[in-house]
Amino acid sequence: MILITGFESWGDVPSNPTSELVEQLVSDEVAGEVLPVSFRRAGERLENLIRELRPEAVLNLGLAPERPVIRVERVAINLIDARIPDNDGDQPVDVPIDPDGPTCYLSTLPTREIVEAIRREGIPAFLSYSAGTYLCNYVMYKTLRILDIMGLGVPAGFIHVPYSSEMASKMNKPVPSLPLATIKRAVQVALDAITSSSRV
């Protein structure tokens, strides 16, 4: 069983394509969860899910609205520096995610293979070396930290996606986007690569 997570909407983001992706990708082999945009609640939910499901792999998804590409993250840092409050109104600044944790975790997904597989589909994809310092980085770090503490040596990591074109068409400003079907195909290719590399 692979666990895939996305996020609800937050701030001035009217909707989040990752919540739709999670709902569409759930199957007998894939468990899905839309996480709250909350440092406290997302962390608690993640830990409960991982302890309950003991997944064979974890793929976290998040929205990066700056570019119309798929970004496969390689590094999560032990830092929260929230530029805006989360949906609970909390805005931690310059605090560690886990005071007892390492400075960073590297993704344990086959990141380069995922990027190459997505590109073979004609979809723009790149390796990224910064997941930011907001909820996306938090969830990536927290996932890897929980798995580390539990001693579960399973692949886990994070992929950023852009707005879907369907969402972009309803916004009052131009934003980079890709069709939802294209984004979904990219994530499915990533799931296939994870399954193939780890034989989960």
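The values are calculated or read from the model by the stated rules, or taken from the named source; none is laboratory data. All values reported here derive from a predicted model rather than from experimental measurement. No Cβ is skipped: glycine too gets one built from the backbone with ideal geometry, and neighbour counts run over all protein chains shown.
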field: Boolean, Arg51 is under 22 Å from Pro155 (Cβ atoms), surrounded by fewer than 21 Cβ atoms within 10 Å (Cβ to Cβ) and at pLDDT 90 or above
entry: yes
- prompt: Is it true that Arg67 is under 21 Å from Arg185 (Cα atoms), surrounded by fewer than 17 Cβ atoms within 10 Å (Cβ to Cβ), under 17 Å from the mean Cα position of the chain (by Cα) and in contact (Cβ under 8 Å) with a residue 60 or more places away in the chain?
  reply: yes
query: What is the number of the single condition among (1) assigned to a helix (DSSP H, G or I); (2) buried (at least 19 other Cβ atoms within 10 Å of the Cβ) that Asp86 does not meet?
result: (1)
message: If I filter segment 70-82 for residues that are over 23 Å from Val34 (Cβ atoms), touching a residue at least 40 places away in the same chain (Cβ under 8 Å), out of contact with any Ser or Thr (no Cβ under 7 Å at 6 or more places or on another chain) and among the charged types (D, E, K, R), do I get at least one hit?
response: no
message: Restricting to segment 122-180, name every residue that is touching a helix residue (DSSP H, G or I) at 6+ places or on another chain (Cβ under 9 Å), in a helix (DSSP H, G or I) and over 29 Å from Asp94 (Cα atoms).
response: Ser165, Glu166, Met167, Leu180
- request: Return the pairs, sorted by first residue and then second, in which the second residue is modelled with pLDDT of 80 or more and β-branched (Val, Ile, Thr), the first residue lies in segment 159-177 and is more than 27 Å from Leu109 (Cβ to Cβ) and surrounded by 14 or more Cβ atoms within 10 Å (Cβ to Cβ), the beta carbons are less than 7 Å apart, and the residues are 6+ apart or on different chains.
  value: Ala168/Val175
